[in-house]
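A quick write-up on the structure given underneath.
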Amino acid sequence: TFQVEESQDCSRDFVEIREGNATGRLVGRYCGNVRPLNYSSIVGHILWIRFVSDGSGSGVGFQAAFTNIFGNDNIVGTQGKIASPLWPGNYPPNSNYQWIVNVNESQVIHGRILEMDMEATLNCYYDKLKIYDGAGIHSRLIGTYCGTQTDSLSSTRSSLTFQFSSDSSISGKGFLLEWFAMNASVGPLPTIATGACGGFLQTGDAPVFLYSPGWPESYSNGADCMWLIQAPDSTVELNILSLDIESHSTCSYDKLVIRDGDNSLAQELAVLCGREIPGPIRSTGEYMVIQFTSDFSVTRAGFNASFHKSCGGYLHADRGIITSPRYPETYIPNLNCSWHVQVQSGLTVAVHFEQLFQIPNRDSSCNQGDYLVLKNGPDISSPPLGPHGGNGHFCGSRPSSTLFTSDNQMFVQFISDNSNEGRGFKITYEAKSLACGGNIYIHDADSAGYVTSPNHPSNYPQHADCIWFIAAPPGKLIRLQFEDQFNVEVTPNCTSNYLELRDGADSNAPMLSKFCGASLPASQLSSGEVMYLRFRSDSSPTHVGFKAKYSIAECGGRVTGQSGVVESNGYPTLPYTDDLSCEWHLQGPSGHYLTIRFEDFNLQDSSGCERDFVEIWENHTSGNLLGRYCGNTIPDSIDTSGNVALVRFVTDGSLTASGFRLRFDSSVEACGGDLQGPAGTFTSPNYLNPNPHGWMCEWRITVQEGRRVALTFDDLRLEAHAFCSSEHVTVFNGIRSNSPQLEKLCSSVNGSNEIKSSGNTMKVVYFTGGSRPYGGFSASYTSSEDAVCGGSLTNSAGGNFTSPGYDGVSNYSRNLNCEWTLSNPNQGNSSVYIHFEDFYLESHQDCQFDVLEFRAGNADGLLIWRLCGASEPRMPLVIPYPQIWIHFVTNERVEHVGFHAQYSFTDCGGVQIGETGVISSPNYPASYDSLTHCSWLLEAPQGHTITLTFSDFDIEAHATCAWDSVTVRNGGSPGSPIIGHYCGSSNPRTIQSGSNQLVVIFNTDHSVQNGGFYATWNTETLGCGGILHLDNGTLRSPHWPQNFPENSRCSWTVITHQSKHLELSFDNNFLIPSGDGQCRNSFVKVWAGTQEADQALLASSCGNVAPDPVITPRNAFTAVFQSQEVPAQGFSASFVSRCGRNFTNPSGYIVSPNYPKQYDNNMNCTYIIEASPLSVVLLTFVSFHL
């Protein structure tokens, strides 16, 4: 597009292009309506573009696209070719281009130069192609090429960098090379020629020798050699055996540089010249770089060195063993070993010493000679770990008792001198945790993590009840992969001990799987961005439990909106990969159908599409399969009957192809919806006319509370079929997923027959396969009759609720759906007591048929009980929540007498939220009353556990505590597992919860009344720090407001919902002593995001002045507290999330608070998208429900 006001010499409005800058070479000045020709800048690489308009005419303007023609910093795939600019023509002068190839981490890159025609000079001084072994030009140089030389090349890791440069004179065709990915082979250790200038080497069991070029003769002038040495899963030790390099006080002429890493920017370990031989040089990781350079004057013999695998390394596992070399035999002299231990964030490290411990040392403080160092953190600068007043150094013959870090990292170092060795040490470490459950937000591929049963890898405790909520970004799916071993006590149908997975946000969501036993479960995949996990155990024997890795699924997702696109992985630039199993869930607006069209399709062909294939399903994989496709023929378009479809893409391990792209569009027509008036009518789509395609329509009818829905089909013209399989109308008694079915109709029926709900809601679902010459239906509803059951229970003095028609003799009806809301009128310090006068429902082990269900709050709340069977509950129902949702459902089969329940509100119990509190029997210290019923919910911050301590206890005694009792349940529900049931006059033992919630229930009968009880509760964590997925909370130094222990270190990462940002405020009572006043060793620091990056530092403080309030730019921050000074009060900081965010990334999602759950009331959120001044912002709504 180009339309700019025309003028002579383009003097009025114009577009001007120059090379480089405002004074660079003029490329052209343009105006009028003729679109300028394309232009490529291949010399300066910078274009300066100016658009000017005066005050006279105007025009549409212009739009131009630009692209980087040569060079690419992220070439991915399995094979390819790279050529110099303008190949096969001559390359331009003054070029400087770079290409970086990246393959899978388990692969290396092989390649060969196919053709080369470049200016040839000694050492390729003018025009050259340089190839580096890694990502970037600071990696090891593999070779420099010019002239007509060709060569084969290979990387040692998963990246290669190609850098091409030319001067301003002689040119040529340039180069053409090919590359391809290969799986890294185990094979023999790599070797290089003696005296070679650089190369890649690996450590083995025996030392390997390394020489400067020409050794023992003199090295040459102008040398620049780099060796990369790797010690897989360990560290490198380098010993200089002989050294003779031109001497200089700062080694400015010739020098040997040793670096702690894999490139020339890594930390220097040593810079050597002259003849003085240093001691052993050791890396802290598995790579070491050695670089030798010489100038153009004096040369000498160079160096001779050996290297081998050092002791130490990185131990990133939740348990392991560390020993001195050769343990339990005598270790060798001159050791310097270091290990970095890291367990899951939020856990701490427990360190156990073996009995045989022998590190001889005459220095009682273990500062000289041979000694072991343990640090409470990630490196040698972290606080020491060990007994009070210690320095973290250990020696002698008496092993330490078990030690605990305060965070999830530990640094271990072992030093020995050249005399008096001993048998060394052996320590075992393991991750430790207290609480289980919580919210987990996954943000990207790097934020994968683990959920485990409590105490894993040790046995889980009895009476555990843990709930996790895992959320991924909108449109992504969650993959749960089980690792190691799985063992949960077997019970019939996994009723008492189990791990339950649900495909949604709460216990109402569809069940994905329920596991017990000892078989490792298969990988699990959600259909949306949330997954619910619950682990429960009873009093049965316990086992190792489970460990599961959560992550964003590598492919698939949820695509919502009026239309959308799905592409196979890598499309269109790369072929799809092997062994995929991807699911995309397509969802258009409610009441519409979808049309799915393939725009490109190329898959491996096979008989029956049994190898690689795409499947299209109606709704989900338990629905109707619409098609299965492979090969390279584009399938015909597909219409669904409803607004939901599933695309499933599966590949095997053989051939691959370019993949596919499909698009879905929602229909213009719609059906179904929410009907909320007291009466109304509705019809099937295209009523009285045939439907050319399928439909799945759902109407949800809600009338005034206390009324029932009466539905009449005034006209019903459906296909007659014995099983109503191809066209039908189904009517449900309620709008829940488990609402009973009242009728399923097809053909024509008497229009005068009414279908009635029992409560104030009803759901009508219409299905047709399409292409049928029938007319559909017309229906009407009224709400003139009183509801059979359900409604609000608000009598402040208490009352009754019963199954419909209860009289103690007759049976209840089939297909009932009753919903009551019971609200406690008392504000705090009150419980709801429910007592059954009679109870007899259909029996089922899991109460899957006729059931009476209680939930906290509303229909989406925490499940409290599911009751069925022929007898009332053994324990009284005493509930601390201020509102309860009660649901009674029956099916079409067996009926019984039903139930009669009484409810009342007590003057004790309720919900206590915080970190400490008190509970006591009513009237304490006076005697409690008869017929007392109290229920307290104690709730601590996530990641904490609750310790409940009874200081006075006098409850009527009974062998089974059947009269008066205190019951403690391990979880947030009166139906959670019982961990204590007490009576008598002895104080119960101190009780420790397994999560951040406890329920305490006090019941008395009509007879004896004793003194009652008094109990306190507080919270604790094992160590400090961790990943906190919270909307608000508090960070504190250990023991705050008392002094923190010496040598403390804690690191927290706080993550909230991605619709929000976080604000952090510090208490003014702040004291973190720092001897240097520079906050080097003792501090509290806060960074934006989940990494401790310098550029993201938001606050740093020590001394007695608290930091100013911190407002984070996004939904996560990291905080670290460390002290190596005297103990002091420390700090306390509260954080709160607020909706709204600032966005600076080039693309992303904006979601409403709590999405995909409902947002809260009284929200006022501002989202700011900041782009560069020359950018525009494109906003696309993919989901909208207000």
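The values are calculated or read from the model by the stated rules, or taken from the named source; none is laboratory data. Source: prediction; values computed, not measured. Cβ: placed from backbone, ideal geometry, glycine included. Neighbour counts: every protein chain shown.
Residue check: is S53 of a type in the set (G, A, S) and either surrounded by 12 or more Cβ atoms within 10 Å (Cβ to Cβ) or under 30 Å from N90 (Cβ atoms) (or both)? So S53 passes the test.
Could you please find all residues in segment 1097-1143 being in a strand (DSSP E or B), closer than 25 Å to C1165 by Cα, of a type outside the set (A, V, I, L, M, F, W, C) and at pLDDT 85 or above?
The first filter runs over segment 1097-1143 and keeps only residues in a strand (DSSP E or B), leaving 1097-1101, 1103, 1110-1111, 1116-1123, 1130, 1132-1139, 1141-1143.
Next, only the ones that are closer than 25 Å to C1165 by Cα stay: 1098, 1110-1111, 1116-1118, 1133-1139, 1141-1143.
Cutting the leftovers down to of a type outside the set (A, V, I, L, M, F, W, C) gives us 1118, 1134, 1137-1138, 1141-1142.
Result: T1118, S1134, S1137, R1138.
Yes or no: G570 at pLDDT below 90 and on the phi > 0 side of the Ramachandran plot? Yes: the conditions hold for G570.
Filtered by the rule that a residue be more than 17 Å from S1065 (Cβ to Cβ) and among the small types (G, A, S), segment 1084-1115 gives G1089, A1093, A1096, G1103.
Every residue in segment 841-864 that is part of a loop (DSSP other than H, G, I, E, B), among the acidic types (D, E) and out of contact with any helix residue (DSSP H, G or I) (no Cβ under 8 Å at 6 or more places or on another chain), please.
Taking segment 841-864 and keeping what is part of a loop (DSSP other than H, G, I, E, B), we get 841-850, 857-862.
Now drop any that are not among the acidic types (D, E), which leaves 842, 846, 850, 860.
The answer is E842, D850, D860.
The single condition among (1) outside any loop (DSSP other than H, G, I, E, B); (2) hydroxyl-bearing (S, T, Y); (3) surrounded by fewer than 16 Cβ atoms within 10 Å (Cβ to Cβ) that Y781 does not satisfy is (3). (1) touching an Asp or Glu at 6+ places or on another chain (Cβ under 6 Å); (2) surrounded by 17 or more Cβ atoms within 10 Å (Cβ to Cβ); (3) over 30 Å from V1136 (Cβ atoms); (4) of a type in the set (S, T, Y): which one isn't true of S985, the others all being true? Evaluating S985 over (1) touching an Asp or Glu at 6+ places or on another chain (Cβ under 6 Å); (2) surrounded by 17 or more Cβ atoms within 10 Å (Cβ to Cβ); (3) over 30 Å from V1136 (Cβ atoms); (4) of a type in the set (S, T, Y) leaves (2) as the failure.
The set of residues in segment 104-140 that are buried (at least 18 other Cβ atoms within 10 Å of the Cβ), of a type in the set (V, I, T) and under 22 Å from V289 (Cβ atoms) comprises V108, I109, I131. Out of the residues in segment 635-667 that are among the hydrophobic types (A, V, I, L, M, F, W, C) and more than 18 Å from T560 (Cβ to Cβ), which is surrounded by the most Cβ atoms within 10 Å (Cβ to Cβ)? Per the stated criteria, the residue is F660. Can you find even one residue in segment 879-892 that is touching a residue at least 12 places away in the same chain (Cβ under 8 Å), in a loop (DSSP other than H, G, I, E, B), among the β-branched types (V, I, T) and surrounded by fewer than 18 Cβ atoms within 10 Å (Cβ to Cβ)? No, segment 879-892 contains no residue that is touching a residue at least 12 places away in the same chain (Cβ under 8 Å), in a loop (DSSP other than H, G, I, E, B), among the β-branched types (V, I, T) and surrounded by fewer than 18 Cβ atoms within 10 Å (Cβ to Cβ).
Residues that are closer than 30 Å to E105 by Cα and assigned to a loop (DSSP other than H, G, I, E, B) within segment 118-148 comprise G134, A135, G136, I137, H138, S139, listed in sequence order. Among the residues of segment 387-408, those identified as small (G, A, S), within 20 Å of S324 (Cβ to Cβ) and touching a residue at least 40 places away in the same chain (Cβ under 8 Å) are G392, S397, S400, S401.
Table: residues versus (1) surrounded by fewer than 17 Cβ atoms within 10 Å (Cβ to Cβ); (2) at pLDDT below 75; (3) not aromatic (F, W, Y).
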{"site": "D417", "(1), (2), (3)": "yes, no, yes"}
{"site": "E421", "(1), (2), (3)": "no, no, yes"}
{"site": "G437", "(1), (2), (3)": "no, no, yes"}
{"site": "A445", "(1), (2), (3)": "yes, yes, yes"}
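Scanning segment 1038-1073 for residues that are without any contact (Cβ under 8 Å) to a residue 40 or more places away in the chain and not in a loop (DSSP other than H, G, I, E, B) yields no hits at all.
Of the residues making up segment 753-778, those that are within 43 Å of the chain's Cα centre (by Cα), part of a strand (DSSP E or B) and either more than 18 Å from R736 (Cβ to Cβ) or without any contact (Cβ under 8 Å) to a residue 40 or more places away in the chain (or both) number 3.
Within segment 929-938, identify whether any single residue is outside the structural domain of L867 (by TED's automatic domain parsing) and more than 20 Å from I879 (Cβ to Cβ), and answer yes or no. Yes, the conditions are met somewhere in segment 929-938. Go through segment 620-655 residue by residue and tally those that are touching a residue at least 60 places away in the same chain (Cβ under 8 Å) and either in a loop (DSSP other than H, G, I, E, B) or acidic (D, E) (or both). Residues meeting the conditions: 7. Considering only residues in segment 459-489 that are closer than 13 Å to H543 by Cα and crowded, with 23+ Cβ neighbours inside 10 Å, the one that is modelled with the lowest pLDDT turns out to be A464. Do you know which of the residues in segment 576-591 that are in contact with a strand residue (DSSP E or B) (Cβ under 7 Å, 6 or more places away or on another chain) and surrounded by fewer than 20 Cβ atoms within 10 Å (Cβ to Cβ) is nearest to K763 (Cα to Cα)? Among them, the one singled out is P589. Return yes or no: is P492 within 20 Å of A1116 (Cα to Cα) and surrounded by fewer than 18 Cβ atoms within 10 Å (Cβ to Cβ)? No; evaluated as a whole, the condition is false for this residue.
Of note, L1062 does not satisfy the criterion of being surrounded by 15 or more Cβ atoms within 10 Å (Cβ to Cβ), modelled with pLDDT under 85 and of a type in the set (A, V, I, L, M).
Can E837 be described as surrounded by 15 or more Cβ atoms within 10 Å (Cβ to Cβ), under 18 Å from F801 (Cβ atoms) and touching a strand residue (DSSP E or B) at 6+ places or on another chain (Cβ under 6 Å)? So that I can check it myself, show each step before the final result.
Working: surrounded by 15 or more Cβ atoms within 10 Å (Cβ to Cβ): no; under 18 Å from F801 (Cβ atoms): yes; touching a strand residue (DSSP E or B) at 6+ places or on another chain (Cβ under 6 Å): yes.
Answer is no for this residue.
With respect to (1) touching a helix residue (DSSP H, G or I) at 6+ places or on another chain (Cβ under 8 Å); (2) surrounded by fewer than 20 Cβ atoms within 10 Å (Cβ to Cβ); (3) closer than 29 Å to V1151 by Cα, the lone exception for I552 is condition (2). At least 2 residues being among the polar types (S, T, N, Q) is the threshold, and among the strands (runs of 3 or more DSSP E) wholly inside segment 532-611 those reaching it are 581-587, 594-602.
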